[in-house]
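The values are calculated or read from the model by the stated rules, or taken from the named source; none is laboratory data. Just so we're clear, the structure is a prediction, and the values are computed from it rather than from any experiment. Neighbour counts are summed over all protein chains in view; Cβ atoms, including those assigned to glycine, are modelled from backbone coordinates with ideal geometry.
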Amino acid sequence: MGWSHRDSWEVCLVLQALEALQYELECANFQAVKVRYSISFMRERSVPKFNAAVGKRFDFSVLVNNGAFRREFLIEIHGKQHYEITSLGYRVRESDGLKAQYAEGYEIPLLVLRDTEVVRLHFDEKLAEQISAFLGIPNPYAASAAGTRGQGD
């Protein structure tokens, strides 16, 4: 039986960050009366025909649109099963390697985050910032924080 991230708290944190980025970008587009950036994403994106990687799934596929281009990005969350030295760990690492080859072969940027890194970034309130930097989109939270800094000073 394969590992499922459905109950993984770390994957839920990334999902929450992506949903928040999507919402904030929609609000910024509405205020600017034009689409500057938009993102859409899907969970558990399967790898199409690519050697032995067929059927392997990425945790997230994110499509970024800035009006001039649309580009796909992939995000993987790795828990301890990706690093353990067991027969399952070996199969998981082999699968990780195939997915990395797929991403590289199709020139799709791949962000791999350890579960512990996701938690640290979440508690440091930098998870959305890390993801937006990877996606090459402005961090809407940085703009709103910068706008409020000067108002109360």
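Some points to look at:
- Check on residue 41, at pLDDT 75 or above and within 18 Å of the chain's Cα centre (by Cα): yes
- Index of the failed condition, residue 66 passing every other in (1) over 16 Å from the mean Cα position of the chain (by Cα); (2) on the phi > 0 side of the Ramachandran plot; (3) at pLDDT 65 or above: (2)
- Scanning the stretch 70-84 for residues that are surrounded by fewer than 16 Cβ atoms within 10 Å (Cβ to Cβ) and at pLDDT below 80 returns 80, 81, 83, 84.
- Residue count for the stretch 44-63, restricted to those that are at pLDDT below 70 and small (Gly, Ala, Ser): 3.
- Checking each residue in the stretch 104-118 for being modelled with pLDDT under 90, surrounded by 15 or more Cβ atoms within 10 Å (Cβ to Cβ) and not in a strand (DSSP E or B) picks out 115, 117, 118.
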